[in-house]
Amino acid sequence: MEGSQTILQMKYARIVNGIAEKLGISLEEALDRMYNSETFKLIDGKIADLHCRSDLYLIDEFINEWKEKGDLPE
């Protein structure tokens, strides 16, 4: 794995942890939600340089996406 991909994977791990903490869900559910989101597709595709944004900013983007869809866990 090339260096930049390793750094991106570490970023994803921090984001998953942050999502789990903010929403009070398991790491597995947070990981599943992240990988199946539109926001993840944009980040992974390096669209609009979202991958350069802070972890906290991206966590909020994921949560905002789920709020807009009415898909936040109870």
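The values are calculated or read from the model by the stated rules, or taken from the named source; none is laboratory data. Keep in mind that what you see is a predicted model, and the values were worked out from it rather than measured. Please note: Cβ atoms are built from the backbone with ideal geometry, for glycine as well, and neighbour counts cover all protein chains shown. Please note that ligands, DNA and RNA were not included when accessible areas were found on the heavy atoms of the full protein model with its side chains. Shrake-Rupley method; radii C 1.70, N 1.55, O 1.52, S 1.80 Å.
Shown for the chain are no DSSP H helices, since none reaches 15 Å along its axis, judged by Cα atoms, with a mean Kyte-Doolittle hydropathy of at least 1.6. Using C-alpha pairs under 8 Å with a sequence gap of at least 6, the mean separation divided by the residue count of the chain gives a relative contact order of 29 percent. Sites listed here are GluC sites (Glu not before Pro) in the stretch 1-52 whose DSSP assignment is loop and whose Cβ has at most 12 other Cβ atoms within 10 Å: E2. Taking only the alpha carbons of the chain, we obtain Rg and Dmax values of 11.8, 39 Å in that order. Restriction of the trypsin sites (Lys or Arg not before Pro) in the chain to DSSP coil positions whose beta-carbon has at most 13 other beta-carbons within 10 angstrom yields K46. Please work out, to two decimal places, the log10 of the ratio I(q)/I(0) at q = 0.16, 0.17, 0.20, 0.27 Å⁻¹ from a Debye calculation in which every Cα of the stretch 1-43 carries one identical scatterer. Normalising to I(0) and taking log10 leaves -0.42, -0.46, -0.62, -0.94.
Give me the percent of accessible area attributable to carbon and sulfur for the chain, probe 1.4 angstrom. Intermediate values should be presented prior to the final figure.
Details: 2490 of 4780 Å².
The nonpolar share, carbon plus sulfur, comes to 52 percent.
Per-residue ellipticity at 222 nm from helix content only, as computed over the chain with -39500 (n - 2.57) for each DSSP H run of at least four residues, stands at -22500 deg cm²/dmol.
Over all other residues within a Cβ to Cβ distance under 12 Å of I43, the charged ones net out to -2, with Lys and Arg as +1 and Asp and Glu as -1.
Using unit Cβ charges (K, R positive; D, E negative) and no other charged atoms, how large, in debye to the nearest 20, is the dipole of the chain about its Cα centre? Intermediate results must be reported in sequence, preceding the final value.
Numbers: 9 positive and 15 negative charges, 41 e Å.
Roughly 200 debye, rounded to the nearest 20.
Average accessible surface for the chain: 65 Å² per residue, computed with a 1.4 Å probe over protein heavy atoms with every protein chain in place. Candidates L23, F40, H51 compared by Cα position along the dipole of the stretch 1-67: farthest toward the positive end lies H51, with charges placed on Cβ.
The largest accessible area among D55, D60, D32 belongs to the first residue in D32, D60, D55, and the rest follow in falling order (1.4 Å probe, all chains).
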